[in-house]
Amino acid sequence: MGRLDDRVVAITGAGRGIGKEIALLAAKEGAKVVVNDLGSNTDGSGGGNIADDVVKEIQAMGGEAVANTESIAQVSGGESLLQSALDAFGKMDVLVNNAGILRDRTIFKMEESDWDAVIAVHLKGHYCCSRPFANYIRENNHTGARIINFSSVSGLYGNFGQANYGAAKAGIAGFSRVLALELAKYACTVNTISPGALTRMTIPLRENRGESVEQEDLEAGGPQHIAPIVAWLASEASAGVTAEIFHTARGGVAIMQQPLVIKQFKKTSGVWSLEELDEVVPQLIAARAANIEAAKDQTTVVD
């Protein structure tokens, strides 16, 4: 018996890297899988039949899978993804929005096309796939479904040279919180993953810093470390766990703090004067710094 027996899981960007590892583990746990991938390069150009290769790999291990090669940057692509699940397996239970591209530039050099392409695949792509699935859930009163979205520390913390990617990933975190509220009526959970893994998208970033990537690095920090938390969130064990952000990398799994008022000063009358803010703002900054320090030592080692 697998954790995902009788579950139909659709995964975008599942031809390589994190998405492929999720697809393989989902199939191993008994899920029927829709493998979506254009087979494009990391910047979104080109194409290939890598989705079919993953399907064959799943079938070779005794699993069930179908390929979908539509672009998820358009609603028609998201509708096609859902339809592939319905045509092949009669239903859809889990959506994993993983597909992504990179076009890294500083804001001084970032062209409009660089901005639009990254926003389209990441942020709009999450909408394009989630909207058809959400309507399917509502129209069929399909309870217990799961949506698992992918953000990034580039958006949650910030990362030099990734204004487009960071904006999209921060937007996905906000999108997920709203979706969790809107789908709660149907017991559908919506959670977000902030992954850290060595993939074809991230290895060049490391190499550009003059750091080599060895086989032991791939074993310790490869995309296979992301798949387990995704599979767990796709399973029945995650019922009631929603609107959370999980960070996972190199054997670690963590839950992330989300926007919350840490400390507040409130006037009983009038508006704040600039002199009063001279006194108050440093105290607010100090409170945030203390909050960050308190969160740094929250690691438990598990053998």
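The values are calculated or read from the model by the stated rules, or taken from the named source; none is laboratory data. Since we're looking at a predicted model, the values are computed, not measured. Ideal geometry is used to build each Cβ from the backbone, glycine not excepted, and the neighbour counts take in all protein chains shown.
The rows are residues; the columns are (1) charged (D, E, K, R); (2) modelled with pLDDT under 95; (3) more than 29 Å from Glu29 (Cα to Cα).
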| site | (1), (2), (3) |
| --- | --- |
| Pro204 | no, yes, yes |
| Gln215 | no, yes, no |
| Gly222 | no, yes, no |
| Ala231 | no, no, no |
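Within the stretch 61-120, being more than 30 Å from Asp6 (Cα to Cα) and aliphatic (A, V, I, L, M) holds for Ile101, Leu102, Ile107, Met110, Ala117, Val118, Ile119, Ala120.
Which one is nearest to the chain's Cα centre (by Cα), of the residues in the stretch 71-81 that are more than 18 Å from Val8 (Cα to Cα) and either surrounded by fewer than 19 Cβ atoms within 10 Å (Cβ to Cβ) or among the β-branched types (Val, Ile, Thr) (or both)? Here the answer is Ile72.
Might you let me know whether the stretch 267-277 holds any residue that is without any contact (Cβ under 8 Å) to a residue 60 or more places away in the chain, of a type in the set (Lys, Arg) and not in a loop (DSSP other than H, G, I, E, B)? No.
Considering the stretch 49-157, the qualifying helices (runs of 4 or more DSSP H), each wholly inside and each with 2 or more residues that are more than 25 Å from Thr248 (Cα to Cα) and of a type outside the set (Gly, Ala, Ser), run over 50-60, 75-89, 112-119, 125-139. Please determine whether any residue of the stretch 160-170 is of a type in the set (Gly, Ala, Ser) and either touching a strand residue (DSSP E or B) at 6+ places or on another chain (Cβ under 7 Å) or surrounded by fewer than 18 Cβ atoms within 10 Å (Cβ to Cβ) (or both). Yes, the conditions are met somewhere in the stretch 160-170.
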